[in-house]
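> Dumping the structure here so I can ask a few things about it.
The values are calculated or read from the model by the stated rules, or taken from the named source; none is laboratory data. Worth saying up front: this structure is predicted, and the values here are computed from it rather than measured. As a convention, Cβ positions derive from the backbone with ideal geometry for all residues, glycine included, and neighbour counts pool all protein chains shown.
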Amino acid sequence: MSFNLARAAAIGAALILAAPASADGTKSVKVSYADLNLSSATGRDALDRRVARTADRICGVALEQQLELLAAAKRCAATARESARPAIELAHRNATNRQLAARDMSVTVAP
């Protein structure tokens, strides 16, 4: 069981692909859900966790020590999660309606 969890974590980490910074300097990251079953609550929760971790990483939540900057990093992460919400909801609907998956099975997270 722990081997499967470790394997799943490694796969999940490998599926997070960094994208180049946009013209205004913000960084965006694609978070893959190709290995998840989004028609299940477990799969949907896993995608939500991936997006949240990616948003935290993009915005530097774990790295910030100063209270004011930490608050700004958390606001950035919340904005990044919200930016991905429409794509996540579409992926959930497609899985629920058993529609064919998009060729690019990922959502983009950006602050």
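> Need the failing condition index for SER32 against (1) under 12 Å from the mean Cα position of the chain (by Cα); (2) modelled with pLDDT under 50; (3) surrounded by 12 or more Cβ atoms within 10 Å (Cβ to Cβ), just the number.
Here SER32 clears every test but (2).
> Considering each of ALA62, ALA55, ALA77 in turn, give the residue that is touching an Asp or Glu at 6+ places or on another chain (Cβ under 8 Å) and at pLDDT 90 or above. Full working, then the answer.
On the way: ALA62 fails: at pLDDT 90 or above; ALA55 fails: touching an Asp or Glu at 6+ places or on another chain (Cβ under 8 Å).
Selected residue: ALA77, the only one of ALA62, ALA55, ALA77 that is touching an Asp or Glu at 6+ places or on another chain (Cβ under 8 Å) and at pLDDT 90 or above.
> Run down GLU64, GLU68 and say which single residue is exposed (fewer than 11 other Cβ atoms within 10 Å of the Cβ), over 15 Å from the mean Cα position of the chain (by Cα) and over 21 Å from HIS92 (Cβ atoms).
On inspection, the qualifying residue turns out to be GLU68.
> When segment 71-97 is examined, which residues are found to be surrounded by fewer than 15 Cβ atoms within 10 Å (Cβ to Cβ) and closer than 19 Å to ALA34 by Cα?
Matches in segment 71-97: ARG85, PRO86, GLU89, LEU90, ARG93, THR96, ASN97.
> Any residue at all in segment 65-88 that is part of a loop (DSSP other than H, G, I, E, B) and over 13 Å from VAL31 (Cβ atoms)? Talk me through it step by step, then tell me what you get.
From segment 65-88, those part of a loop (DSSP other than H, G, I, E, B) are 65-66; that's our starting set.
With the extra rule that they be over 13 Å from VAL31 (Cβ atoms), the set shrinks to 65-66.
Checked segment 65-88: at least one residue is part of a loop (DSSP other than H, G, I, E, B) and over 13 Å from VAL31 (Cβ atoms).
> For the structure I just gave you, tell me whether THR26 is among the β-branched types (Val, Ile, Thr) and either at pLDDT below 65 or surrounded by fewer than 18 Cβ atoms within 10 Å (Cβ to Cβ) (or both).
Numbers: among the β-branched types (Val, Ile, Thr): yes; either at pLDDT below 65 or surrounded by fewer than 18 Cβ atoms within 10 Å (Cβ to Cβ) (or both): yes.
Judged against the criteria, THR26 is a match.
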